[in-house]
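Single-structure report; data block below.
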Amino acid sequence: MAASGFFRYSSPASFYPLAGRLVPVFGWIAAILTVAGLYIGFVVAPTDFQQGESYRIIFMHVPAAWMAMFVYLVIAGWSAASLVWNTRLSAMMAQALVPTGAMFAFVSLWSGAFWGRPTWGTYWVWDARLTSTLILLFLYLGLMALRSAIEDQRRADRACAVLALVGSVNVPIIYFSVQWWNTLHQGASVSLTAAPKMAETMLAGMLVMSLAAWAYTIAVALHRVRSIILEREAHARWTQELVR
Amino acid sequence: MTAGAAIRWGLRRDLALAMRSRAEIAIVLVFFLLVTSLFPLGLDPDPALLAKIAPGIAWVAALLASLLGLPRLFAADHADGSLEQLALAAAPLPALVTGKVLAHWVATSLPLILLAPLAGIQFGLEPRLIGILIATLLLGTPVLAWLGAIGAALTLGARGGAALLALLVLPLAVPVLVFGAGAVESTRAGLGAQAHLSLLGAGAILSTVFGPFVTALAVRISFE
């Protein structure tokens, strides 16, 4: 089969150098956007008249929470691709994204706790969004645990892909079930259909930080996938020539 | 072999195996009652409190008890090679797996559901609430059985054993717990349990439709 166009890069050997070129690009985008977003967030944006300065944690918290959910979807997408086309690289991408998703879920819980203390008066409440993010973190940890528990890499790929897909069907159900169960968290302040209920600079800072989180995720995942490729293709001639 | 015959065959075989190791089933039941009995000891024997937390405790105990039996489902067949023979057989694997999971449900969940009223009485739950609790268990345990079957098949031959299985299955089972315990709570509050029961029923149907294929895929993956 002639490898052409986009699918040429589904081979680890041709993707490895491409990823190597993309990592610094996205890394710098992430760094610049983070500096800009934090500047807007901490210097330009006004103090909230109700929450005071503590609201500024949203510039970390909201992008992290968004990314935690979004990365799981991307993992499910790569998992579906790896099961359908049986491409090794798709599974490697899924594997590379898991730790980043878990990190974002953890950051959103952690930063939320420190925001909740001054605002709600408590680090933790059994609220719908907090609980569903916690369960999302457990789903990520489950993926990592299953991966490390299976010796054979190809089997681990496929088992994790099935688990990620079952989880992705379940994530919205978990979200709504927990929402129904209990909710204290304020409704979303930003939605696509209504005008945002916050100052424009605050929104700008949050969106810039979200883009930074995207760029960071891409850079880190590509960097990690390069290590995974080297590890798994250690027997191939092109990796041996590369390392030598 | 048709799918129906394969389901019946799997059901008969695994039920016969379960009947030969009745002690293992009894252990699951004792575990369920033991867990529910620990809560009053750890909390406070106040009847009002116990009646309030009873549905949640019954459901958590059922979740944990359903994990206990899961390694039985595929591990022994995997170890002696008969699972591989089933995967190679002319009969459709999803149907064979359905028979096995059905037998597993009959052997472990059904006795537990029959035992649930006892736990309900221990906690001073009203009779009509016990009825709702049983209805939620009847609708919810098939979902747990399928989630557990997928988890058990994925972890075949993996290190980590029971703890890994718990980490994979329990987060996915959260909606069942929420709707199951919520149904009893909302009946007590006078809101009726119809919405909860409908959702549990939807979950039971969905998991019974897709569960066999996902589980069969997971079983096949374990032989790669």
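Values quoted throughout were computed directly from the atomic coordinates according to the rules given, and no laboratory measurement underlies them. No experiment lies behind these values; they were computed from the predicted model shown. Here the Cβ is made from the backbone with ideal geometry for all residues, glycine too, and neighbour counts use every protein chain on show.
A few points about this structure:
- Farthest toward positive dipole pole in chain A [+1 Lys/Arg, -1 Asp/Glu at C-beta], among A:83, A:239, A:96: A:239
- Between the helical axis of B:161-172 and the longest alpha-carbon principal axis of chain B there is an angle of about 60 degrees.
- GNM result for chain B, Cα springs below 10 Å: residue of B:33, B:167, B:11 fluctuating most strongly: B:167
- Stretchable slack from residue B:213 to residue B:41, in nm (0.36 nm times residue separation minus alpha-carbon distance): 57.6 nm
- When all alpha carbon pairs of chain A are counted in 5 Å bins from zero, the resulting P(r) reads 1, 6, 12, 15, 17, 15, 12, 9, 6, 4, 2, 1, 0 %.
- Each of residue A:42 and residue A:54 was given a label point 7 Å from its Cα along the Cα-to-Cβ line. The distance between the two points is 2.0 nm.
- Site pair residue A:80 and residue B:205 shows an inter-label distance of 2.3 nm when each label is modelled 7 Å from Cα along Cα→Cβ.
- For the protein assembly as shown, a crude dipole built from +1 on the beta carbon of Lys and Arg and -1 on the beta carbon of Asp and Glu, taken about the Cα centre, is about 800 debye to the nearest 20.
- Charge dipole (Cα centre; +1 on Lys/Arg Cβ, -1 on Asp/Glu Cβ; no other charges) of chain A amounts to roughly 560 debye.
- Dipole magnitude of chain B, debye to nearest 20 (Cβ charges: Lys/Arg +1, Asp/Glu -1, about Cα centre): 360
- Separation between Cα centres of the stretch A:202-224 and the stretch A:107-168, rounded to whole Å: 19
- Using alpha-carbon coordinates, inclination of helix B:127-154 to the longest axis of chain B, degrees: 30
- Cα coordinate range in the stretch B:3-221, projected on the principal axes (Å, largest first): 56, 33, 28
- The mean sequence distance of close C-alpha pairs (under 8 Å, at least 6 residues apart), as a share of the length of chain B, puts its relative contact order at 28 percent.
- Choice from B:187, B:36, B:136 with maximal GNM fluctuation in chain B (Cα, 10 Å cutoff): B:187
- Residues within the reach of a label modelled at residue B:53 (point 7 angstrom out along Cα to beta-carbon, backbone nitrogen below 18 Å), restricted to the stretch B:123-137, are B:123-126.
- Computed over every Cα-Cα pair of the protein assembly as shown and binned at 10 Å starting from 0, the pair-distance distribution P(r) comes out as 4, 18, 25, 24, 18, 9, 3, 0 percent.
- Using a simple spin-label model with pseudo-atoms 7 Å out from Cα toward Cβ, residue B:22 and residue B:1 lie 2.7 nm apart.
- The protection proxy used here, the mean number of other Cβ atoms lying within 10 Å of each residue, ranks peptides A:137-149, B:58-70 as follows, highest first: B:58-70, A:137-149.
- Note, ³J(HN,Hα) from phi for the stretch B:212-218, Karplus 6.51, -1.76, 1.60, rounded to Hz, x at Gly and Pro: x, 6, 5, 5, 4, 4, 5
- Residue among A:34, A:100, A:201 with the largest mean-square fluctuation in a Gaussian network model of chain A, springs linking Cα atoms under 10 Å: A:201
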